[in-house]
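Colleague: Encoded as structure tokens, here's the structure I'll be asking about.
No value in this document is a laboratory result; all are computed from the given coordinates. Because the structure is a prediction, the values reported are computed rather than measured. Here Cβ is always computed from backbone atoms with ideal geometry, including for glycine, and neighbour counts include all displayed protein chains.
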Amino acid sequence: MTKKAWFAGLALISYQFVSAQAAPTPQATAPAPKPDAPYQKSPTVPPFHLLKADSTTYLTKDDLKKHRPTLIMYFSPECDHCKHQTEFILADYKKFKDIEIVMATFQPFDEMKDFITHYKLADYPNIKVGRDDKFFLAPFYKIASLPYLALYDKNGDLITTFEGTHPADTILTAFEQKKG
């Protein structure tokens, strides 16, 4: 065997070994707390101001039913992970019916309206969708990836946050653990 062939074989084997050692894709998990993020300094439902689909009125935390848990989901209408998260919630909707769900996006208004129509979100009385046209929530939570979920108990106190897509049961378990 010539030196060239030997080095070429060694290079090929080395490349395959290094490629096989690539880190596995991590599972979506609850992010580490971000102590410098405003939500950590004020761990209650934030004073959001979201433009509703009617394009004239705003949704605020004062519009949420009192003494009910709240889920704030920051999403993009074009994000596949956000679509999957919405589908997970809607598939188990009966378990979410007593939770106030606020879905916020900064993406173009027409995309938000198409998302609402596609998923028939107006048919769910506890799901409220709006455009974060002041870009308040992303820096408030220091959002790094979507969807971003913030869970609050019935008193409006932060339970936890999640980044990425999560099964409905994971979200519901976080709400249930807070009850206990």
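Colleague: Please compare each pair in K65/K113; K65/K97; K95/K142; K65/K128; K61/K154 to a cut-off of 19 Å on the Cα-Cα distance and tell me which ones are over it.
Modeller: K65/K113; K95/K142, as the Cα separations exceed 19 Å there.
Colleague: With a sphere of radius 12 Å drawn around the Cβ of T165, what net charge do the other residues whose Cβ falls strictly inside it have (Lys, Arg +1; Asp, Glu -1)?
Modeller: Net charge in that neighbourhood comes out at -2.
Colleague: Assuming 0.36 nm per residue, please report the length gained on full extension of the stretch T117 to S55 beyond their Cα-Cα distance.
Modeller: 20.8 nm is the gain from fully extending T117 to S55.
Colleague: Then there is this: Averaging sequence separations of C-alpha pairs under 8 Å and six or more residues apart, then dividing by the length of the stretch 30-179, give the relative contact order as a whole percent.
Modeller: For the stretch 30-179, the relative contact order is 33 percent.
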